[in-house]
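Handing you this structure, nothing more for now.
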Amino acid sequence: SESQRLSDKQFLEAISGVIRDLAASGNVVIIGRGANLILKDTPHAVHVALAASQEKCVETIAQRERFSRAEAEKYFIEAERARQAFFRKFFKVQADNQALYHVCLNMDRVKADTAAEIVVHAARDLEA
């Protein structure tokens, strides 16, 4: 409906404004919400995709949220479905398209500290 399209447009404008304001404040990490697309033309913004197997994701969610394995698996499936739908609806792209990111890291194979170092190095390269 027309009102739904308008509210979707307003939602995207609002979230884009918040993300741009945060980015302008400098030295921030913005996770999700299509920030990589909203800030695609922003100098010095590093777009990072973190990927992992469903098993690794479920394990991480269970530990972080203190969920049972079943709860973590349900949460993962619902969150992933919502993430994919969000990118399709608002940006007309596949969320996992590697071309949308500067760096893609497989967290099944890279430790968190190493991933952080890679991202910092990439950010420094963009500053130069």
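The values are calculated or read from the model by the stated rules, or taken from the named source; none is laboratory data. All values derive from a computational prediction rather than experimental measurement. What goes into the accessible areas is simple: the full protein's heavy atoms, side chains included, and nothing from ligands, DNA or RNA. Shrake-Rupley method; radii C 1.70, N 1.55, O 1.52, S 1.80 Å.
Here are some values of mean projected area of the Cα convex hull in nm²: [x] 7.9; [y] 10.7; [z] 9.2. Which one was computed from this structure?
Answer label, from the structure shown: [z].
Enumerate the calculated ³J(HN,Hα) couplings along the range 15-32 in order (Karplus 6.51 cos²θ - 1.76 cosθ + 1.60, θ = phi - 60°), each rounded to whole Hz, writing x wherever the residue is Gly or Pro.
Karplus-based 3J(HN,Hα) across the range 15-32 equals 5, 5, x, 4, 5, 5, 4, 4, 4, 5, 6, x, 6, 10, 10, 10, 9, x Hz.
Under a 1.4 angstrom probe, counting protein chains only, how are VAL103, VAL29 ranked by accessible area, largest first? If you can, show how the numbers build up before the last one.
Details: VAL103 25, VAL29 130 Å².
Final ranking, largest accessible area leading: VAL29, VAL103.
Same structure again: Rank these residues by their accessible area, most exposed first, probe 1.4 Å: VAL93, VAL120. Let's see the in-between values first.
Numbers: VAL93 35, VAL120 65 Å².
Sorted descending by solvent-accessible area, the residues read VAL120, VAL93.
For LYS40, list the aspartates and glutamates whose Cα falls under 16 Å from its own Cα; do not include residues on the same chain fewer than 8 positions away.
Straight-line reach from LYS40, under 16 Å: GLU13, ASP21, ASP96, GLU127.
Continuing with the same structure: Tell me, what is the 1.4 Å probe accessible area of GLU55, in Å² to the nearest 10?
My reading of the accessible area for GLU55 is about 100 Å².
Now a separate question. Looking only at ARG64, ARG33, ARG20, which one moves most when the chain is put into a Gaussian network model with springs between Cα atoms under 10 Å?
Most flexible of the set in this elastic network: ARG64.
Mind checking the full-extension length gain between GLN10 and ILE30? Use 0.36 nm per residue of separation minus the Cα-Cα distance, one decimal, nm.
On the way: separation 20, 0.36 × 20 = 7.20 nm, distance 2.02 nm.
Extending this stretch completely gives an extra 5.2 nm.
How do TYR101, TYR75 rank by accessible surface area computed with a 1.4 Å probe, from largest to smallest?
TYR75, TYR101
Can you list residues whose amide H is under 5 Å from CYS104's amide H, if they're 5+ apart or on another chain and H is modeled 1.01 Å from N?
Under 5 Å from the amide H of CYS104: ALA49.
Give me a comma-separated list of calculated 3J(HN,Hα) values for the range 95-107, in order, Karplus coefficients 6.51, -1.76, 1.60 applied at θ = phi - 60°, integers in Hz, x for any Gly or Pro.
4, 8, 5, 4, 5, 7, 10, 6, 9, 10, 10, 8, 6
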